[in-house]
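Following: one structure in structure tokens, then a few remarks.
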Amino acid sequence: IPILRKSKALLINTEKDNNMLTIVESIATATPIVTTDIPYNCDYIKKYDLGIVTKKLEKDDLNKIINNNKYYVKQCYEYRKFISNEYLIEKFLDEIKKL
């Protein structure tokens, strides 16, 4: 986590599985993600601008994350409340109230 916190981005280059805890840890430390467009996490990374999602990672993707790092860090700060235990518990309790 200390290394992740100091990083400009988390780089995940995968062709099979993009559903990993490291992505959530990265968002929690406000470290943007650069990844391929393999499901599942790539959908919300793209939707909330938490980093860069692409079919094939290129040098330009790394330059973009560095040049716009403050923006992506801000996006991660804003989104990380949605992955907190408190938020998830509140959502769960709201759903129970609807029953």
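The values are calculated or read from the model by the stated rules, or taken from the named source; none is laboratory data. What you see is a predicted model; the values in this text were computed from it and never measured. Glycine gets a Cβ as well: all are built from the backbone with ideal geometry, and neighbour counts include every protein chain shown. All accessible areas refer to the heavy atoms of the entire protein, side chains included, with ligands and DNA or RNA removed. Shrake-Rupley method; radii C 1.70, N 1.55, O 1.52, S 1.80 Å.
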Neighbour count of at most 14 Cβ within 10 Å plus DSSP loop: longest GluC sites (Glu not before Pro)-free window in the chain: 16-57
Amide H within-cut-off set for ILE33, under 5 Å, with H built and near neighbours excluded: LEU10, GLY51, ILE52
Accessible area of the chain divided out per residue, in Å², using a probe of 1.4 angstrom: 71
Label of the coordinate-derived value, Rg and Dmax of the Cα atoms in Å, listed as (i) 12.9, 38; (ii) 16.7, 60; (iii) 14.4, 50: (iii)
Within the chain, longest stretch clear of exposed trypsin sites (Lys or Arg not before Pro) (DSSP loop, no more than 13 other Cβ within 10 Å): 57-99
Accessible area of the range 4-99 belonging to carbon and sulfur atoms, whole % at 1.4 Å probe: 53
Spacing of the two label points (7 Å from each Cα toward its C-beta) at THR36 and VAL24, in nm: 2.3
Those lysines that a straight Cα-Cα span of less than 25 Å connects to LYS47, excepting residues fewer than 8 apart in one chain: LYS6, LYS8, LYS16, LYS55, LYS56, LYS59, LYS64, LYS70, LYS74, LYS81, LYS91
Sparse-neighbourhood loop sites, chymotrypsin sites (Phe, Trp or Tyr not before Pro) in the range 47-77 - DSSP loop, at most 14 other Cβ within 10 angstrom: TYR48
Proximal charge balance of ASN41 [Cβ under 15 Å; K/R count +1, D/E count -1]: -2
Backbone HN-Hα couplings from phi across the range 85-94 [Karplus 6.51/-1.76/1.60, Hz, Gly and Pro as x]: 4, 4, 5, 5, 5, 4, 4, 4, 5, 4
Relative contact order of the chain, defined on C-alpha pairs under 8 angstrom at six or more residues apart (%): 25
The range 56-71 - phi-based ³J(HN,Hα) in whole Hz, Karplus 6.51/-1.76/1.60, Gly and Pro as x: 9, 5, 10, 4, 4, 5, 5, 4, 4, 5, 6, 5, 10, 4, 4, 5
